[in-house]
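Read-outs throughout are calculated quantities, based only on the coordinates presented, and are distinct from any laboratory measurement. Every value quoted in this text rests on a predicted model; they were computed, and no experiment measured them. As a convention, Cβ positions derive from the backbone with ideal geometry for all residues, glycine included, and neighbour counts pool all protein chains shown.
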There are 2 protein chains.
Amino acid sequence: MASFFFRAVEAAGFAADRATKADLAAGERLFLGLNCFEPGQSQASHVHAGADKFYLVLAGKARIRIGDESRIAEPGTLAWAPAGVPHGVDEALERTVLLVGIAPPPGRR
Amino acid sequence: MASFFFRAVEAAGFAADRATKADLAAGERLFLGLNCFEPGQSQASHVHAGADKFYLVLAGKARIRIGDESRIAEPGTLAWAPAGVPHGVDEALERTVLLVGIAPPPGRR
């Protein structure tokens, strides 16, 4: 049986040409994964009409945008993007790992 | 308007006689909060039949139980408790703050 425990940041992977993603856990109602960025990489602002989402910075530093707010976020900062609120990562300022949670999971809406 | 950004651990509060909770964010599909423990405090094992949940250790050290697994978890450890799997905190070994996410939120099942 797979473990229920993860060292989250150890699942991170990086690519020179694009931001990458890694899956951590998925249930019927909640998905957890990582978004991983090299410095200068970004995630275009987008919106989930039917899902609540958060980012938690696990490592690095990035400018995150939620609605009209844009902040440079460091480890321990939580960014909350409830359904319908646009969100994205304007730019990673260091090699950055974000824990991402989304409910319901992609494909279950 | 309230900010979409939180320094999660700064919302923590502690009580000598019991573990405490703090709300961080709630949407229709996802709730985020903190569980806060002084050393020796615990959270009895329990199960959510209709909700997926996780704990992420933000500070401290605690023995967390998910299903048949029990682990001493430190900052950065994620513990995944999908719907139907019993989970709890056997004992905090230090002053401990856990980020907790649950989908759907309490009262929305």
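As a summary of the residue check, residue A:17 satisfies the conditions (1) over 19 Å from residue A:57 (Cα atoms); (2) touching a Pro at 6+ places or on another chain (Cβ under 7 Å) except for the one numbered (2). Check whether at least one residue in the stretch A:70-81 is more than 13 Å from chain B (Cβ to nearest Cβ), under 19 Å from residue A:6 (Cβ atoms) and surrounded by fewer than 23 Cβ atoms within 10 Å (Cβ to Cβ), and report yes or no. No, the stretch A:70-81 contains no residue that is more than 13 Å from chain B (Cβ to nearest Cβ), under 19 Å from residue A:6 (Cβ atoms) and surrounded by fewer than 23 Cβ atoms within 10 Å (Cβ to Cβ).
Considering only residues of the stretch A:96-107 that are more than 17 Å from residue A:65 (Cα to Cα) and in contact (Cβ under 8 Å) with a residue 40 or more places away in the chain, which is farthest from the other protein chains (Cβ to nearest Cβ)?
At the first step, the residues of the stretch A:96-107 found to be more than 17 Å from residue A:65 (Cα to Cα) are A:103-107.
Imposing the further condition that a residue be in contact (Cβ under 8 Å) with a residue 40 or more places away in the chain reduces the set to A:103-106.
Numbers: A:103: 3, A:104: 6, A:105: 9, A:106: 13 Å.
If we take residues in the stretch A:96-107 being more than 17 Å from residue A:65 (Cα to Cα) and in contact (Cβ under 8 Å) with a residue 40 or more places away in the chain, then A:106 is farthest from the other protein chains (Cβ to nearest Cβ).
Mind counting the residues in the stretch A:29-55 that are assigned to a strand (DSSP E or B), more than 14 Å from chain B (Cβ to nearest Cβ) and more than 15 Å from residue A:13 (Cα to Cα)?
Of the stretch A:29-55, the ones assigned to a strand (DSSP E or B) are A:31-37, A:43-46, A:52-55.
So of that shortlist, the ones also more than 14 Å from chain B (Cβ to nearest Cβ) come out as A:35-37, A:43-44, A:46.
Checking the rest, the ones that are also more than 15 Å from residue A:13 (Cα to Cα) come to A:43-44, A:46.
Of the residues in that region, 3 qualify.
Hey, could you check the stretch B:1-10 for residues that are surrounded by fewer than 16 Cβ atoms within 10 Å (Cβ to Cβ) and closer than 14 Å to residue B:99 by Cβ and say which is nearest to the other protein chains (Cβ to nearest Cβ)? If you could, list the steps in order and put the result at the bottom.
Of the stretch B:1-10, the ones surrounded by fewer than 16 Cβ atoms within 10 Å (Cβ to Cβ) are B:1-3, B:7, B:10.
Okay, now just the ones that are also closer than 14 Å to residue B:99 by Cβ, so B:7, B:10.
Details: B:7: 6, B:10: 9 Å.
Out of the qualifying residues, it is B:7.
Can you say whether residue A:51 is out of contact with any Asp or Glu (no Cβ under 9 Å at 6 or more places or on another chain) and touching a residue at least 12 places away in the same chain (Cβ under 8 Å), as far as the supplied structure shows? Against the criterion (out of contact with any Asp or Glu (no Cβ under 9 Å at 6 or more places or on another chain) and touching a residue at least 12 places away in the same chain (Cβ under 8 Å)), residue A:51 qualifies.
Considering the stretch B:82-95, and only residues there that are more than 9 Å from every other protein chain (Cβ to nearest Cβ) and crowded, with 21+ Cβ neighbours inside 10 Å, the residue that is farthest from residue A:51 (Cα to Cα) turns out to be B:92. The residues of the stretch A:11-28 that are touching a residue at least 12 places away in the same chain (Cβ under 8 Å), more than 9 Å from chain B (Cβ to nearest Cβ) and in a strand (DSSP E or B), listed by number, are A:15, A:18, A:20, A:21, A:22. Return yes when residue A:98 is under 22 Å from residue B:52 (Cβ atoms), touching a helix residue (DSSP H, G or I) at 6+ places or on another chain (Cβ under 9 Å) and either part of a strand (DSSP E or B) or of a type in the set (Val, Ile, Thr) (or both) and no when it is not. In short, no.
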